[in-house]
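Notes for the one structure printed next.
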Amino acid sequence: MSEYLPVAIVEQILLKLSPITLLKLTLVSKSWLLFIQSDSFISLHLQHSPSSLLLCISTNTLSAQWSLTNITPSPSPTITTLQPPFPAPLSCLFRFLQSLNGLVCLIQKLFLPQQAIILWNPSIGRYLTLQIPPIEEIEALGFGFDSKNNDFKLIKLFNPDHQVELYSLNEGAWRAIDFPHRQELGLVRFSDTRCFLNGYVHWIAECSTQEGPKVLLLKFNVEKEKFRKMKLPRELVNSPISRLEVTVIEGCLSVLLYDGAPPLRGANGWCDIWMMRAYDVAESWIKIGKVHMPDGGHVFGVSTSSNVFVNWSNWSGTEFSSLHSMDPNTQKVTDIGIPGRAITACEYTGSLVLLNKT
Amino acid sequence: MAEKASESSNSISLNTVDGKIFKVSPTIANQMQTIQSLIKAYDSSRVISLPHVNAFHLSKIIEYLEGKSATTVSAVKEFEAQFMKDLSLKQLKGLLIAVGYLKVNELLELMPKTVAKLIENKSVEFLRKFFGIVNDFTPSEEAKIREEIAWAFDGVDED
């Protein structure tokens, strides 16, 4: 093998490799280390990223298992076990905030009120921990990608005094953000879910009006760093915020309306799925289906599939998964193949992000 | 019949580095950008010499360009998969150099994916040899990086 491949072809091969192989290839030579770690290669590689997977934390009485599996359930799922590089004792509670371009944003709750945000790239085992000062009472959190500046940004709304702060991965620090219309909006509460789509982080927010509480969508443009509001379907604006969640299903912004507020979602429980077919077109909201959950549960979507995931509460079979994939049209349910009674999950694609940050 | 005769009279002769002459139709020749520009620059009746391409590589490229004109998408996919499967990693590398020289766009798109799949789990030493890269790390620099990413080396293939 004495002949050399042209540089342009070598680059094409490298762009098709998995993050873990590229991590090993940083050992090839000094110039390869610099090349693979460069911002330009990392962002080019993002565009070649392989298909989405499902990142799951399955917690049982005695252990927690972190793993990756296929989004589309198959008779023999390919399950890869992950070892989180940060301390993850059973006493810690982890929740996914959002996973974007290979960077997973997790909230780690030790014991109230102590919590931290972890930005983790499971493919290359790098992470960053951001402590939340105990004095801050979090109202809402969001995580987004600013594609213009090639930057990941965390947004934090907290009390006292309705403050807003933004953490930019490129800047490596928190800074204050203006939210000038907050008073006019009469904003009271945020839903506990959020999603990132089309450059915006979205939350459901409850506003106080003269006719009583109304809900709407609040969104934050991560590039321009500005808030905006967006309409929910008319049928939902009077719903209690505790019964609403926001998610993304097959690339469309979607809202879930549950039969009750947690933890009361229960007997003969259901959840309506509403989808905004055309982004930011209020007329395009449509109810696409209903999920029945005999013992209650939690529903979320992924951007790459029209199926939703249903996490059943009180699932009785111990050797089965509490997490299922469901076609909202046919109601056909498939086990995702990860055992566990309490599973929290999010969509994930591998990348090299953070390789040159920590 | 008449069409066939005119096609053969239009055919282009390519001479490989190991002295073998290939006659190809203009349709096939035009899918190799380097040859396309050579035809434009010179009299196309002349034999075109390819000093960087051997007979094996040119025959594979012609085989691919003829085979991928199958009628259905799935037939093309099946043909491509079989075409790649028949080649060793060493042969793929040589062929990729020829493909890069002749600028066969479809193969330039397809082959890096195939090569990437095959080298996905190879050792660093194998990859240095494959890409012809000299290790310029000092032993202690290399040991330091290797220690940082030690977990990534579970289950690497034998060379």
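Here segment A:241-256 is the region considered, the condition is being assigned to a strand (DSSP E or B) and among the hydrophobic types (A, V, I, L, M, F, W, C), and the residue that is farthest from residue A:306 (Cα to Cα) is A:244. Consider segment A:27-51 and keep the residues that are more than 7 Å from chain B (Cβ to nearest Cβ) and without any contact (Cβ under 8 Å) to a residue 60 or more places away in the chain. The one that is least open to solvent (accessible area, probe 1.4 Å) is A:33. When A:179, A:196 are checked against the criterion of being at pLDDT below 95 and either on the phi > 0 side of the Ramachandran plot or open to solvent by less than 70 Å² (accessible area, probe 1.4 Å) (or both), A:179 stands alone in meeting it. Only one of (1) surrounded by 18 or more Cβ atoms within 10 Å (Cβ to Cβ); (2) free of Cβ contacts under 8 Å to residues at least 60 places away in the same chain fails for residue B:31. Which number is that? Condition (2) is where residue B:31 drops out.
Given the options A:85, A:77, name the one that is assigned to a loop (DSSP other than H, G, I, E, B), away from chain B (no Cβ under 14 Å), in contact (Cβ under 8 Å) with a residue 40 or more places away in the chain and in contact with a strand residue (DSSP E or B) (Cβ under 8 Å, 6 or more places away or on another chain).
Exactly one residue qualifies, and that residue is A:77.
Restricting attention to segment A:218-236, the residues being assigned to a loop (DSSP other than H, G, I, E, B) and surrounded by 15 or more Cβ atoms within 10 Å (Cβ to Cβ) number 6. Among the residues of segment A:7-26, those identified as facing chain B (nearest Cβ under 7 Å), part of a helix (DSSP H, G or I) and not β-branched (Val, Ile, Thr) are A:12, A:23, A:24, A:25. Within segment B:103-124, count every residue that is open to solvent by 50 Å² or more (accessible area, probe 1.4 Å), in a helix (DSSP H, G or I) and more than 7 Å from chain A (Cβ to nearest Cβ). Qualifying residue count for the region: 5. Among the residues of segment B:125-157, those that are part of a helix (DSSP H, G or I), at the interface with another protein chain (Cβ under 7 Å from one of its Cβ atoms), more than 22 Å from residue A:6 (Cβ to Cβ) and aliphatic (A, V, I, L, M) comprise B:145, B:152. Can we say residue A:71 is over 17 Å from residue A:335 (Cβ atoms), of a type outside the set (Ser, Thr, Tyr) and open to solvent by less than 30 Å² (accessible area, probe 1.4 Å)? Here the answer is no, as residue A:71 does not meet what is asked.
The values are calculated or read from the model by the stated rules, or taken from the named source; none is laboratory data. These numbers come from a predicted model, not from an experiment. Quick reminder, even Gly has a Cβ in these numbers, built from the backbone with ideal geometry, and neighbours come from all protein chains shown. We work out accessible area using only protein heavy atoms, side chains counted, and drop any ligands, DNA or RNA first. Shrake-Rupley method; radii C 1.70, N 1.55, O 1.52, S 1.80 Å.
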